[in-house]
Amino acid sequence: MEAGEVVIAVDAELDRAGLTNSRVREHVRHWFELTGAERLEVVNASDDGRLVQEALAAGELSPAGEGRYYSRSHPKDTARSEERTVVATSDPADAGVYNNWRPAAEMKPLLEERMRGASAGKTMYVVPYLMAPPGSPLAGYATGVELTDARTVVLHMIRMARVGVEHVNDLADPGSFVRGVHVTGDLEKLGQGTPADERYFVTVADERTILHYGSSYGGNALLGKIAHGLRQAAYDGWSSGRFLAEQFLLLGITDKETGRTYHVCGGMPSASGKTNLAMTLAPDALGDRYRVDFYGDDIAWLRVDPQDGRIYAINPEFGVFGVAKDTNEDTNPTAVAAIAPGTGTIFTNVAYNADTQDVWWEGKTPQPPADVTGWRDWTGALVSERPEGSDVSPWAHPNSRFTTTLANVPNIAPDYERPQGVPIDAIIFGGRTRDREPLVRAITDLAEGVYDGLTLGAEATFAAEGTEGVLRYDPMSMRPFMAVPEGRYAALWLEIIGSATEKPLFAHVNWFQRDPEDGHFLWPGYRDNLRALLWLMQLKAGEVSGTETPVGIVPAPEELDLRGMDLPAHDLERLLTIDTARWEQEMTHREEHLSAFSGLPEEIWAAHRRVTQALESGSP
Ligand code: OXD
Ligand code: MN
């Protein structure tokens, strides 16, 4: 198309869709022309049914029972790529340890070069979206427009964000939206994981522009979720000084006897049980008394409300992009209901049976389907053709996912769309640690709480991935999403939480302690994890006082409500014990970890010294 024709074609589609924001129209025109796409289509959430039918007809989706769909990503494109992800700005002072900072002036031309003409022959979809409940005080940071040349990305965006032209048409400042461009590229030829890797996933944070090239999967391609909801928002939160954007779950606990409701948010490195906790129900024995409401499993934005001075959190997302592996009735019954027939769920990279339209993943049932007829693994290979006994690779990819909207989760909080969000009573950090971290320890001091988040980590799950007993640190579970230098990030935490008049309690939880002799898990986990949070709420309310230790307050054994559990007394004792020698070892690793961050506030170092001294002197 000639330049003049492009303008006419783009304007005709924008007019048809009623997209009136002049700055969005400019953004669309520019990138439509640069990427060389053949057609343009503006998307609203109400287009979902038609787009699903088109994707089925094109073979991008397959039916997975009534109202559920299956997709397979390119085998070289199955997970977020941290090495290829960059936060760019025009100020070298924005470089931190984890944000992989590069100059904007270097990255933008590079991405333009890769994207030029790369969508030829394709439809470019315009996805206007909002990453917040409508009317939120943070809505000004939540508006975006993603251009994408992949229809399955559009279908995921409709489930994960609020999508429609109404979110951009009436902006007070028409230019205040995040400009996202996603171009898939030729996935066969991008040299993924080699020195010639051509992919780039760049957030130009000081220009509120996100340019992702070379994938059509997950956080690489759904720009609202991670690139905007975490990286861009963390940058905006810092530059405005107004909010924190964190990879946090958010839940509510209501005591039906007293009528009190508590809200808890917090972060856990991957494979530490965050989604399962976010969607948990009360254990059966406590179900009459407590109700748990789900708000979100992956992102929370936190701000101080000027009315009452408390910290409020929203989940900016509209859906759940959950890891399928091990999701079943025992581990996560509410997720199972949220992906049931009729929910519109899209499964990606699980195993699929076209004859029965059934899906399966490791841990869905204890054993894979006995009759393998028709079953294909995530790569599309027939399981029946695997050589007998020699191929034991999983049927589903370990990062296979389900995508469903929040409203499908049966215990979704009645007020999950409340614009102000909900007041936060506790912020928890949870790692995966076999021997040092007790079941729960509460921290009342702000700097010590932030220090605890900054030293969050999980043990390497395989010996090959790290040194035994040494954590892979993942500050606040934000290591892959850091947008500003860690020192500034810590200072913003101290400033925002510090300015609240009623401060949340901090706590560290660990469901993964093992018996040193026989290695069994000391705590059963899953729904019983709520018991640790109930104790925390009682501590906040002054109903229990726990036992002070050098690293926080742990429950006295009799303070935990263990009704309906059969927990051996010596396991309980070990779960609540602080192993000083192991902690002292950990403190030297922490010192090294924190030393890498320049400009870390003195309060954080003071907290580190206080905890070190308390461990040495043996007194809290
Ligand atoms: C992630 C996700 O990659 O939530 O963390 O998808
Ligand atoms: Mn996540």
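Rounded, prolate or oblate for segment 95-211? Axes are the square roots of the Cα gyration tensor eigenvalues, ordered a ≥ b ≥ c, and the cut-off for rounded is a/c under 1.5. Oblate, because a/c is 1.5 or more while a/b does not exceed b/c. Probe radius 1.4 Å, ligands and nucleic acids ignored: give me the carbon and sulfur share of the accessible area of the chain as a rounded percent. C and S atoms contribute 50 percent here. Cα centroids of segment 1-29 and segment 528-545: 56 Å apart. Based on protein heavy atoms only, segment 1-91 ends up with 47 Å² per residue of surface accessible to a 1.4 Å probe. Across Tyr416, Tyr352, the residue with the most accessible area heads the list, and the full order at a 1.4 Å probe is Tyr416, Tyr352. From the alpha carbon centroid of segment 558-607 to that of segment 296-325 is 26 Å.
Here the extension length gained between Ser595 and Glu502 equals 30.4 nm, from 0.36 nm per residue of separation less the Cα-Cα distance.
Counting DSSP beta bridges with both partners in segment 1-142, what percentage is antiparallel, nearest 5? Display every interim value, and only then the final one.
Details: 3 of 10 bridges.
Within segment 1-142, antiparallel bridges account for around 30 percent of the total.
With 0.36 nm allotted per residue and the present C-alpha distance subtracted, the Leu34-Gln367 stretch has 114.9 nm of extension available.
Using DSSP to define loop residues, name the GluC sites (Glu not before Pro) in segment 484-538 whose beta-carbon has at most 12 other beta-carbon atoms within 10 Å. Mind showing how you got there, number by number?
Details: sites: Glu486, Glu495, Glu502, Glu517; in loops: Glu517.
Passing sites in segment 484-538 are Glu517.
In terms of the Cα gyration tensor, with a ≥ b ≥ c the square roots of its eigenvalues, is segment 456-570 rounded because a/c is under 1.5, prolate because a/b exceeds b/c, or oblate?
Oblate, because a/c is 1.5 or more while a/b does not exceed b/c.
Per residue, segment 521-597 exposes an accessible area of 46 Å² to a 1.4 Å probe, with every protein chain left in place. Specify whether the C-alpha gyration tensor of segment 363-445 places it in the rounded, prolate or oblate class, a ≥ b ≥ c being the square roots of the eigenvalues: rounded for a/c under 1.5, otherwise prolate if a/b is larger than b/c and oblate if not. It comes out oblate by the Cα gyration axes. Between the C-alpha center of segment 249-289 and that of segment 46-78 there is a gap of 33 Å. Of the residues Ser119, Ile311, Gly287, the one whose Cα sits farthest toward the positive end of the charge dipole of the chain, with +1 on the Cβ of Lys and Arg and -1 on the Cβ of Asp and Glu, is Ser119. DSSP beta bridges confined to the chain are antiparallel in about 60 percent of cases. With coordinates expressed along the principal axes, the C-alpha atoms belonging to the chain extend over 76, 58, 50 Å, beginning with the largest.
I need the helices of the chain that pass two filters: whole DSSP H segments spanning 18 Å or more by Cα along the axis, and mean Kyte-Doolittle score no lower than -1.0. Kindly include the intermediate steps, with their values, before the conclusion.
On the way: long enough: 3-17 (21 Å, 0.61); 22-35 (20 Å, -1.02); 580-595 (22 Å, -1.78); 602-617 (22 Å, -0.67).
The qualifying helices are 3-17, 602-617.
Rolling a 1.4 Å probe across the protein heavy atoms gives segment 310-376 an accessible surface of 37 Å² per residue. When the charge dipole of segment 2-60 is built from unit charges on Cβ atoms (+1 for Lys and Arg, -1 for Asp and Glu) and taken about the Cα centre, the candidate among Ala58, Ser46, Thr35 whose Cα reaches farthest toward its positive end is Ser46.
Projecting each Cα onto the charge dipole of the chain (Lys/Arg +1, Asp/Glu -1 at the beta carbon, about the Cα centre), which of Leu19, Gln192, Tyr213 comes out farthest on the positive side? Of the candidates, Leu19 comes out farthest on the positive side. Simple point charges give the picture: +1 on the Cβ of Lys and Arg, -1 on the Cβ of Asp and Glu, and for segment 61-172 a dipole about the Cα centre of about 460 debye. Rounded to the nearest 500, the helix-only mean residue ellipticity at 222 nm of the chain stands at -7500 deg cm²/dmol, with each DSSP H run of n ≥ 4 adding -39,500 (n - 2.57).
The values are calculated or read from the model by the stated rules, or taken from the named source; none is laboratory data. Keep in mind that this is a model prediction, so the values were computed, not measured. Using ideal geometry, Cβ is built from the backbone for each residue, glycine included, and neighbour counts are taken over all protein chains shown. Just the protein is used for accessible areas: all its heavy atoms, side chains included, with ligands, DNA and RNA removed. Shrake-Rupley method; radii C 1.70, N 1.55, O 1.52, S 1.80 Å.
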